[in-house]
Amino acid sequence: MDPVTSARLRSWEWRVEVFVPLLLFGVLYTAGWRRLRAKGSQLADGWRLLAYGSGILFIALALLSPIETLSGQLFFMHMIQHLLLVMLGPPLLLLAEPMPVLLWGLPAGARRRVGRILSRLLHRKSASRRALRTATGPGVVWLLFVVALVGWHDPNAYNAALRSDLVHDVEHLSFFITAMLYWWHVVGAAPRIHKRLSRTAQVIYVVAAIPPNMITGVVIAFAGQVIYSYYLAVPRLWGISALDDQILGGVIMWVPGSMMYMIAILILTARWLQGEEAKPPLPVSKWATEERMAAPGLEQHP
């Protein structure tokens, strides 16, 4: 391995503004989980702690590991970074029900104060709740999510993000925030200020995000020329040309990126089927009547 590649693979970006919040939220969640575990709460299931820890890990890998360094020279590494920030980290964090657990991680006094503030802000009749419901409705969130996902892959926006650390940070923040809002509706995590989507609506909501992601990946993969000029001006690593790098990045967004949504759909479908199986069977007296046996489904019609 050449010295440059070796150095990049060993380089970690220990950015304080990223590392400290990740560490703080990790410690708070763990403390809250342990307190709730001692109380026998269902929120303290072991798999939730694993999900939250995995979400934190994926975000750390995206923003602090060599992936961040290599994304400035390899387009496909940038696509891997976006997968971690959009399709892995956020849903795992939300599956862990972070809001109540993080609250329990605070000292008792702070927990009561924050709880009172949240109660006022999220009260059913409060203006803040109404405003938040309007701004984060499923349709609005889906549109914001798609605009962020597709918009940042515009060549001008993408090149600007790579040439400016500030714009790059804004890009990552917009990806992460819109992804958290999007998966919030799918997962149904707290705070529950919207009517929870039905299983069918959840599946449709996830399916609706596949075409924009897939089409963007396909367009990039089959562009036929380098559309992100920034990568023409940087040293090429591992003998990968800028065009081959772009094709690989487009395929990553197209195939693994779309597969993340398909996996979510399979999980939602499995949970729906489990819910159907858990329903108690209809008593015999309700279905074994002469009318039902003669014409099932029509016995209540004249």
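Given the criteria open to solvent by 40 Å² or more (accessible area, probe 1.4 Å) and in a helix (DSSP H, G or I), does residue 43 qualify?
yes
Search the range 235-260 for residues being in a helix (DSSP H, G or I), hydrophobic (A, V, I, L, M, F, W, C) and farther than 30 Å from residue 203 by Cα, and hand back the single one that is most open to solvent (accessible area, probe 1.4 Å).
That would be 243.
With the requirement that a residue be among the hydroxyl-bearing types (Ser, Thr, Tyr) and surrounded by 18 or more Cβ atoms within 10 Å (Cβ to Cβ), what does the range 175-204 give you?
If the condition is that a residue be among the hydroxyl-bearing types (Ser, Thr, Tyr) and surrounded by 18 or more Cβ atoms within 10 Å (Cβ to Cβ), then 178, 182 are the ones that fit.
For a quick check of your reading of the model, give me the residue pairs whose first member lies in the range 45-56 and is free of Cβ contacts under 8 Å to residues at least 60 places away in the same chain, whose second is outside any helix (DSSP H, G or I), with beta-carbon atoms closer than 6 Å and at least 6 apart or on different chains.
Close Cβ pairs (under 6 Å, with a partner that is outside any helix (DSSP H, G or I)) amount to 48/96; 51/96; 52/96.
Determine whether residue 124 is open to solvent by 70 Å² or more (accessible area, probe 1.4 Å) and farther than 24 Å from residue 42 by Cα.
yes
Mind telling me which of the residues 68, 13 ends up being assigned to a helix (DSSP H, G or I) and modelled with pLDDT under 95?
68
Residue by residue through the range 182-219, note down the ones that are assigned to a helix (DSSP H, G or I), out of contact with any Phe, Trp or Tyr (no Cβ under 7 Å at 6 or more places or on another chain) and within 27 Å of residue 115 (Cβ to Cβ).
Selection gives 183, 184, 187.
Quick check on my filter: what residues within the range 205-217 are surrounded by 13 or more Cβ atoms within 10 Å (Cβ to Cβ) and either of a type outside the set (A, V, I, L, M) or within 14 Å of residue 142 (Cβ to Cβ) (or both)?
Across the range 205-217, the qualifying residues are 205, 206, 207, 208, 209, 210, 212, 213, 216, 217.
Here are some conditions: (1) assigned to a helix (DSSP H, G or I); (2) more than 25 Å from residue 42 (Cβ to Cβ). Residue 112 meets all but one. Which one does it not meet?
With (1) assigned to a helix (DSSP H, G or I); (2) more than 25 Å from residue 42 (Cβ to Cβ) applied to residue 112, the lone miss is (2).
Pick out the one residue from 50, 36 that is at pLDDT 95 or above and open to solvent by 50 Å² or more (accessible area, probe 1.4 Å).
Of 50, 36, the one residue that is at pLDDT 95 or above and open to solvent by 50 Å² or more (accessible area, probe 1.4 Å) is 50.
Go through (1) open to solvent by 10 Å² or more (accessible area, probe 1.4 Å); (2) assigned to a helix (DSSP H, G or I) one by one and return the number of the condition residue 141 breaks.
Unmet for residue 141, out of (1) open to solvent by 10 Å² or more (accessible area, probe 1.4 Å); (2) assigned to a helix (DSSP H, G or I): (1).
Being open to solvent by 10 Å² or more (accessible area, probe 1.4 Å), touching a residue at least 40 places away in the same chain (Cβ under 8 Å) and within 30 Å of residue 230 (Cα to Cα) is the requirement here; does residue 162 meet it?
So residue 162 fits the description; yes.
List every residue pair whose Cβ atoms sit under 9 Å apart, with the two residues 6 or more apart in sequence or on different chains, where the first one lies in the range 222-234 and is open to solvent by 60 Å² or more (accessible area, probe 1.4 Å) and the second, anywhere, is part of a loop (DSSP other than H, G, I, E, B).
Sorted first by the residue in the range 222-234, then by its partner, the pairs are 232/226.
Being buried (at least 17 other Cβ atoms within 10 Å of the Cβ), of a type in the set (A, V, I, L, M, F, W, C), modelled with pLDDT of 95 or more and part of a helix (DSSP H, G or I) narrows it down to one residue among 146, 150; which is it?
146
Pick from the range 53-104 the residues that are hydroxyl-bearing (Ser, Thr, Tyr) and open to solvent by 10 Å² or more (accessible area, probe 1.4 Å): which of them is nearest to the chain's Cα centre (by Cα)?
Kept after step one, since they are hydroxyl-bearing (Ser, Thr, Tyr), are these residues of the range 53-104: 54, 65, 69, 71.
Now drop any that are not open to solvent by 10 Å² or more (accessible area, probe 1.4 Å), which leaves 54, 69.
Details: 54: 12, 69: 22 Å.
Looking at residues that are hydroxyl-bearing (Ser, Thr, Tyr) and open to solvent by 10 Å² or more (accessible area, probe 1.4 Å), I get 54.
The values are calculated or read from the model by the stated rules, or taken from the named source; none is laboratory data. Everything numeric here is computed off the predicted structure, so don't read it as measured data. For neighbour counting, all protein chains shown are included, and Cβ atoms are generated from backbone atoms with ideal geometry for every residue, glycine included. Heads up: the accessible areas ignore ligands, DNA and RNA and are worked out on the full protein's heavy atoms, side chains in. Shrake-Rupley method; radii C 1.70, N 1.55, O 1.52, S 1.80 Å.
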